[in-house]
Amino acid sequence: MSFAQILQSLVAGLGYTVLVTLLCAATALVVALAIIAARRLGGKAAGNALDALVYVLRGIPVLVLLFMVFFGLPALGLDIPPLAAMMLSLGAVSGAYLSEIFRGSLQAVSQAEILAAQASGFTPFQSFRLIELPQMIRLSVPGMVNELTSVMKYSPFAYTVGIPEITKQAMALTSTTMQSLQIYTAVGLLYFGLYRAILLAVAYVERHFAIPGFAEE
Amino acid sequence: MALLEVRNLVKTFGTKTVLDGVTFDLEEGQTKVIMGPSGCGKSTLLRCLNRLEEPTSGSVRFDGKEMTAPTADVRALRQLIGFVFQNFALYRHLTVLDNVTLALRQLKKMPAALAEERALHELARMDMAEKRDAYPASLSGGQSQRVAIARALAMEPRVLFFDEPTSALDPVMAREVVTLINRLYLENVTILCVTHDLYLAQYISDSIIFLDQGKVRAEDKAENLLSGHADPVIASFFGRKS
Amino acid sequence: MGGNFPALLVQLQADLPSLISALGETVLLSVIITINGLIGGLLVFYLTLSNSGVVRKIINGYISIFIGTPLIVFLFLLYYGLPTIGIRLSPFVIAVFGFFLNVSAYNARFLVTAYKGLLPTELEAAKAQGFSRGQIFRLVTAPQVLRLAAPALASQAIQNTKDSSIVFLIQYTEFFAGMQEIAMRSFLFFETYFVTALVYLLLVSVIVLAMRRLERRFTIPGLS
Ligand SMILES: Nc1ncnc2c1ncn2[C@@H]1O[C@H](COP(=O)(O)OP(=O)(O)OP(=O)(O)O)[C@@H](O)[C@H]1O
Ligand SMILES: [Mg+2]
């Protein structure tokens, strides 16, 4: 099998890799936004509970959590489909990390602006939605990119729950061809290409949404 | 009935009494300046008046409504008070125009086109209309403050609060801003202004409230306070200044 | 819902000696990876400061490749790929080597980021005093950059401990692999993975506490 042929058969898994990455990243975003909003608008008890949740999620290996969700929960009578298992493990863990990134950015939003919003009669939720959130998101772009690429790099775990993404395709190929060296080199290339594509896409989006003089260091 | 009636306002932080029974009135169309030594409670007073800070006791009636009552709709009242800060506090992620229209659209639920029209009107009043699409980071201090004033004016407030509007500006820009505030004064906009800037105080005040250690020590016209006042504390405060 | 934890406890007790040695493997691996990664990271960081454009290009390429590809793929490349050209390495050697290249790249990037936050005047001052390049790196750059990057390096250490769990995928018997076996034998999947997660959480907490101690000891007033 030529290298080109290898690449070609691996590309069959590319769609699933992208799907897993996007679904988990979307889960992370939702989880992180929910955590940060609840922290900002909820009371002290809610804050402590969320701190604990984030700490736990950041302290457990993704793979262990994935196995707990995918192999463990069915034993308790709760069947979780593979993609959902990825979202509940990789997505949730990444959401915890992302919430910490958001938390840092939120602290950088100027108190004066929040006060001004309060003085003009905005509710805390309006101030959060209209002033703090948009700035937080923009300040978090580098961290969000890191998190997205991180999700992409953990996406191969999906093969352990049977999702036919790139790594799974590679395993199938190695069992029939014995060209493991070329195959895994090709796998690495594909992931690296994906990584570069993410960076390019982000640079493109950033150029279009840049605010002059904002978050430039 | 005055527009703003402050009676016996007290504010303590822990054991520290910052406002110690402040009483004064502000009539519709009047402009009063609050002066006094640093730390005497001027900012705290303004912040208590629109409940950014909770007063410890006393009463604040705004347009006949008790602002300190537990049932008071604080946010509705805040919309009637335009607040301009020393550090401008423009929203950095929004253009000049959006800074001014945000509260119109979100709080007054004004249609976008109408809000824009109002905003451009106020920006023009502050000579800032041509900067409508600029972001705050590209503005000078004086320009930022003019946008902040336009933002406050756009809500058609009953009164404007200024907290040291010129003290973050260099002298030239400060003059620009003073000129604009003076224009509002001549238009009979109701203003309550905290400042250390004698130039500003003279140009815009019907009277000056002199605050010292949380108490109103004197309230009088600028010309009576500024030179040779009988009270040695006041005399020395303004003596040092000029 | 619920779960049969008492039954699992019986299993765990029976396998205690082998589980403890598996846990030892995890701890050992994490420590080796972390120390190697710090040394490698510093080395790579030093090379990014090279005068030679070629060296810088190569080093930046290396960092970018390892940050841009999944570690597990590189481990598979070594584990399944090398034998096809006659090189057979033990899973342990592969794990140590693979993590070394990967973690060094990450740590180097943290150090580079910290380096960008240094005041250029400080380095110029050292140059003006007549220090050599090596001396400046050792005496001025490295100590500051390490402190500035400490939070990132610390979270990488935590990451290493958690990531070490993936080496069971190349048949290396560390803690997760040991627990897997118990899960297969007892069919107490949920309970076993739950306890596994708890143990990792405990390990991570130990690191977090240790880092807090170190942080208190090594902070410089006014330098964050
Ligand atoms: N949140 C707070 N907690 C505790 N003390 C406070 C708080 N806010 C203000 N103070 C104290 O109240 C006093 C009055 O503060 P305030 O800011 O009102 O003074 P000011 O007259 O505006 O001074 P300046 O002219 O310097 O702006 C100061 O001693 C200040 O330290
Ligand atoms: Mg003040």
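With the structure loaded, tell me whether A:F157 is out of contact with any Ser or Thr (no Cβ under 9 Å at 6 or more places or on another chain) and either open to solvent by less than 50 Å² (accessible area, probe 1.4 Å) or within 14 Å of chain B (Cβ to nearest Cβ) (or both) or whether it fails that test. If you could, list the steps in order and put the result at the bottom.
On the way: out of contact with any Ser or Thr (no Cβ under 9 Å at 6 or more places or on another chain): no; either open to solvent by less than 50 Å² (accessible area, probe 1.4 Å) or within 14 Å of chain B (Cβ to nearest Cβ) (or both): yes.
No: the conditions fail for A:F157.
Evaluation of C:G3 against the conditions (1) in contact with an Asp or Glu (Cβ under 6 Å, 6 or more places away or on another chain); (2) buried (at least 17 other Cβ atoms within 10 Å of the Cβ) shows that the sole unmet condition is (2). Does the range B:102-111 contain any residue that is away from chain A (no Cβ under 14 Å), outside any helix (DSSP H, G or I) and of a type in the set (K, R)? Within the range B:102-111 (the criterion being away from chain A (no Cβ under 14 Å), outside any helix (DSSP H, G or I) and of a type in the set (K, R)), the answer is no, since none of the residues qualifies. If you filter the range B:53-66 down to residues that are in a loop (DSSP other than H, G, I, E, B), away from ligand 2 (no atom under 13 Å from the Cβ) and over 15 Å from B:V159 (Cα atoms), you find that the one that is least open to solvent (accessible area, probe 1.4 Å) is B:P55. List every residue pair whose Cβ atoms lie under 8 Å apart, where the two residues are 6 or more positions apart in sequence or sit on different chains, the first residue falls within the range C:52-63 and is closer than 20 Å to A:L189 by Cβ, and the second residue, located anywhere, is of a type in the set (K, R). From residues that are closer than 20 Å to A:L189 by Cβ, the pairs are C:I63/C:R109. Scanning the range A:173-217 for residues that are open to solvent by 20 Å² or more (accessible area, probe 1.4 Å) and either under 18 Å from the mean Cα position of the chain (by Cα) or not hydroxyl-bearing (S, T, Y) (or both) yields a total of 29.
Across the range B:44-51, a minimum of one residue is classified as within 12 Å of ligand 2 (Cβ to nearest atom) and not hydrophobic (A, V, I, L, M, F, W, C).
Within 16 Å of ligand 1 (Cβ to nearest atom) and on the phi > 0 side of the Ramachandran plot: is that true of B:F88 in this structure? Give the steps one after another, and end with the answer.
Working: within 16 Å of ligand 1 (Cβ to nearest atom): yes; on the phi > 0 side of the Ramachandran plot: yes.
Here the answer is yes, as B:F88 does meet what is asked.
Once the range B:18-52 is narrowed to residues that are polar (S, T, N, Q) and within 9 Å of ligand 1 (Cβ to nearest atom), the residue that is least open to solvent (accessible area, probe 1.4 Å) is B:T44.
The combined condition, being in contact with a Gly (Cβ under 7 Å, 6 or more places away or on another chain), open to solvent by 50 Å² or more (accessible area, probe 1.4 Å) and away from ligand 2 (no atom under 16 Å from the Cβ), is not fulfilled by B:D73. Reported count of residues in the range B:156-186, each being touching a strand residue (DSSP E or B) at 6+ places or on another chain (Cβ under 6 Å) and either part of a helix (DSSP H, G or I) or more than 16 Å from ligand 1 (Cβ to nearest atom) (or both), is 4.
For the range A:168-217, taking the residues that are β-branched (V, I, T) and farther than 23 Å from C:I63 by Cβ, the one that is farthest from the other protein chains (Cβ to nearest Cβ) is identified as A:V205.
Picking from B:V189, B:V216, which residue would you name as being within 15 Å of ligand 1 (Cβ to nearest atom) and either over 22 Å from B:Q86 (Cα atoms) or in a loop (DSSP other than H, G, I, E, B) (or both)? Step through it out loud before you land on a result.
On the way: B:V189 fails: within 15 Å of ligand 1 (Cβ to nearest atom).
It is B:V216.
Taking each residue of the range A:82-99 that is more than 17 Å from C:Q159 (Cβ to Cβ) and looking for partners that are of a type in the set (S, T, N, Q) with beta-carbon atoms closer than 8 Å, six or more apart or interchain, yields A:M86/A:S155; A:M87/A:T27; A:L88/A:T27; A:G91/A:T27. Just one of the listed residues (C:Y79, C:Y115) is touching a residue at least 24 places away in the same chain (Cβ under 8 Å), more than 15 Å from the chain's Cα centre (by Cα), open to solvent by 50 Å² or more (accessible area, probe 1.4 Å) and away from chain A (no Cβ under 14 Å), and it is C:Y115. Go over the candidates A:E132, A:E165 one by one and state the one that is over 18 Å from A:V64 (Cβ atoms), within 12 Å of chain C (Cβ to nearest Cβ) and open to solvent by less than 10 Å² (accessible area, probe 1.4 Å). When all the criteria are applied, what remains is A:E165.
Taking helices (runs of 4 or more DSSP H) that do not extend beyond the range A:8-96, which have at least 2 residues that are surrounded by fewer than 23 Cβ atoms within 10 Å (Cβ to Cβ) and out of contact with any helix residue (DSSP H, G or I) (no Cβ under 8 Å at 6 or more places or on another chain)?
On the way: elements: A:44-59, A:62-67, A:82-86.
Here the list reads A:44-59.
The values are calculated or read from the model by the stated rules, or taken from the named source; none is laboratory data. Note that the structure is predicted; figures quoted are calculated from it, not measured. Cβ coordinates were reconstructed from backbone atoms using ideal geometry, including for glycine residues, and neighbour counts include every protein chain displayed. Heads up: the accessible areas ignore ligands, DNA and RNA and are worked out on the full protein's heavy atoms, side chains in. Shrake-Rupley method; radii C 1.70, N 1.55, O 1.52, S 1.80 Å.
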